[in-house]
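Below is one structure, written out as structure tokens, with a few remarks after it.
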Amino acid sequence: AQKITQTQPGMFVQEKEAVTLDCTYDTSDQSYGLFWYKQPSSGEMIFLIYQGSYDEQNATEGRYSLNFQKARKSANLVISASQLGDSAMYFCAMRVPNTDKLIFGTGTRLQVFP
Amino acid sequence: DSGVTQTPKHLITATGQRVTLRCSPRSGDLSVYWYQQSLDQGLQFLIQYYNGEERAKGNILERFSAQQFPDLHSELNLSSLELGDSALYFCASSVEGATNEKLFFGSGTQLSVL
């Protein structure tokens, strides 16, 4: 069975600093996709970044990058130059073929302080 | 704006009642997913429809049912409501449901069962 683990319930970071949010996953499939979503206090789920299991390069989207270590089954999100607006819950998720569903971790609450 | 529309935004009802949550996917998206988010269970996948047909089923209770109509909008029906059903219910959509497709989420329906 597939599983996503986020071990950090909460993280603090100072504005303009970088922060890494951890995510490990478990699957026996060779082909899978990894996603990060942000959920601000308003509640909506916002897509941030995607990494495919066969992608050789780490994904980047603006200030977001994904540190993908396939052998360790980890897909950590790195946010550079944190902003106050980055304060939110962050969810790591995985999708495998033939199941279609996206399964989520328990999330990490990030708080950015001035 | 993700393009996924959920109504209503808030719903307050009593135990034992039945409610219907509605979702309109993004234009062109054939796949619709329903998720439940609660404090104790996190984000739980409930069910997925693709072009009118049920494609995947998750932790959906027998008291809950869903369908996707020919115009691709979807409804989630919750009956014999219990206090524990209070949660944020998300609808999400994607074009087909491929491994590398991100899900676009609606803003959710906050259900409160009193």
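If we count every other residue with Cβ under 13 angstrom of residue B:100's Cβ, Lys/Arg +1 and Asp/Glu -1, where does the sum land?
Net local charge, residue B:100 excluded: -2.
Could you give the alpha-carbon Rg of chain A over 2.2 N^0.38 Å, rounded to two decimals?
Details: Rg = 13.6 Å, N = 114, 2.2 N^0.38 = 13.3 Å.
Cα Rg divided by the expected 2.2 N^0.38 Å: 1.02.
Could you run the numbers on buried accessible area between B and A, total for both chains, 1.4 angstrom probe, in Å² to the nearest 100? Could the numbers behind the result be given before it?
Working: alone 6150 and 6340 Å², together 10930 Å².
Roughly 1600 Å².
Could you tell me what percent of the DSSP beta bridges with both partners in chain B are antiparallel, to the nearest 5? Walk me through the numbers on the way to the answer.
Numbers: 37 of 41 bridges.
The antiparallel proportion sits near 90 percent.
Take each of the peptides B:83-89, A:87-93, average the number of other beta-carbon atoms within 10 Å over its residues, and list them starting from the highest. List each step's numbers first, then the result.
Values: B:83-89: 17.7, A:87-93: 22.4.
Packing proxy ranking, top to bottom: A:87-93, B:83-89.
With θ taken as phi - 60° and the coefficients 6.51, -1.76 and 1.60, list the Karplus ³J(HN,Hα) couplings across the stretch B:22-30 in order, rounded to whole Hz; mark glycine and proline as x.
Rounded to whole hertz, the list is 10, 9, 10, x, 4, 4, x, 7, 9.
Give me the Kirkwood hydrodynamic radius of the stretch A:1-50, using the inverse of the mean 1/r over all pairs of distinct Cα atoms, in Å to one decimal.
Working: mean 1/r = 0.0753 Å⁻¹.
Answer for the stretch A:1-50: a Kirkwood hydrodynamic radius of 13.3 Å.
Over 31 Å, how big is the tail of the calculated P(r) for the protein assembly as shown, in percent of all Cα pairs? The partial results should precede the final answer.
Details: 5434 of 25878 pairs.
Taking all Cα-Cα pairs of the protein assembly as shown, the fraction more than 31 Å apart is 21 percent.
Give me the lysines in straight-line cross-link reach of residue A:73: C-alpha distance below 16 Å, same-chain residues under 8 apart excluded.
Within reach: A:3.
Averaged over its residues, how many other protein chain Cβ atoms are within 10 Å of peptide A:37-47's Cβ atoms? Numbers along the way, then the final one.
On the way: counts 4, 0, 6, 0, 0, 2, 8, 8, 14, 3, 6.
Per residue, the number of nearby Cβ atoms from other chains is 5 on average.
Residue by residue through A:91-97, how many Cβ atoms from other chains fall within 10 Å of the Cβ on average?
On the way: counts 3, 0, 3, 1, 8, 1, 3.
That average works out to 3.
Can you tell me which of B:45, B:69, B:90 moves the most in a GNM of chain B? Springs connect C-alpha atoms under 10 Å apart.
The residue with the greatest mean-square fluctuation here is B:69.
Taking Rh as the Kirkwood radius, which is the inverse of the mean 1/r over Cα pairs, what is the Rg/Rh value for the stretch B:37-90?
On the way: Rg = 11.8 Å, Rh = 12.1 Å.
We get a ratio of 0.98 for the stretch B:37-90.
I'd like to check one number: the per residue accessible area of the protein assembly as shown, probe 1.4 Å, reported in Å² as a whole number. Kindly include the intermediate steps, with their values, before the conclusion.
Numbers: 10930 Å² over 228 residues.
Accessible area per residue: 48 Å².
Could you rank the peptides A:55-65, B:20-30 by their average count of other C-beta atoms within 10 Å per residue, with the highest value first?
On the way: A:55-65: 13.5, B:20-30: 18.1.
Answer by packing, highest mean first, reads B:20-30, A:55-65.
If eta is 1.306 mPa s and T is 10 °C, what Stokes-Einstein diffusion coefficient results for the stretch B:1-96, Kirkwood Rh from Cα pairs, in µm²/s?
The calculation lands on 118 µm²/s.
Rounded to a whole number, what % of the accessible area of the stretch A:23-88 do carbon and sulfur atoms account for, probe 1.4 Å? Before the final figure, lay out the partial values.
Values: 1400 of 3140 Å².
Of all accessible area on the stretch A:23-88, carbon and sulfur atoms account for 45 percent.
Residues of A:101-107, mean number of Cβ from any other protein chain within 10 Å of their own Cβ, rounded to a whole number?
Details: counts 12, 12, 4, 6, 2, 3, 3.
What the average comes to for A:101-107 is 6.
Can you return the aspartates and glutamates within cross-link range of residue B:57? Criterion is Cα-Cα under 12 Å, with same-chain partners fewer than 8 residues away left out.
A:100
Between B:37, B:68, B:17, which gets the highest mean-square fluctuation from a Gaussian network model of chain B, Cα cutoff 10 Å?
Taking springs between Cα atoms under 10 Å, the residue moving most is B:17.
On the accessible surface of chain B, probed at 1.4 Å, how many percent belong to carbon and sulfur atoms?
In chain B, the share of accessible area belonging to carbon and sulfur is 47 percent.
With a 1.4 Å probe and all protein chains kept in place, how do B:73, B:10 rank by accessible area, largest first? Let's see the in-between values first.
On the way: B:73 20, B:10 140 Å².
Largest accessible area first, the list is B:10, B:73.
The values are calculated or read from the model by the stated rules, or taken from the named source; none is laboratory data. Predicted model, so just to flag it, every value in this text is computed and none were measured. No Cβ is skipped: glycine too gets one built from the backbone with ideal geometry, and neighbour counts run over all protein chains shown. Side chains included, ligands, DNA and RNA excluded: accessible areas come from the protein's heavy atoms. Shrake-Rupley method; radii C 1.70, N 1.55, O 1.52, S 1.80 Å.
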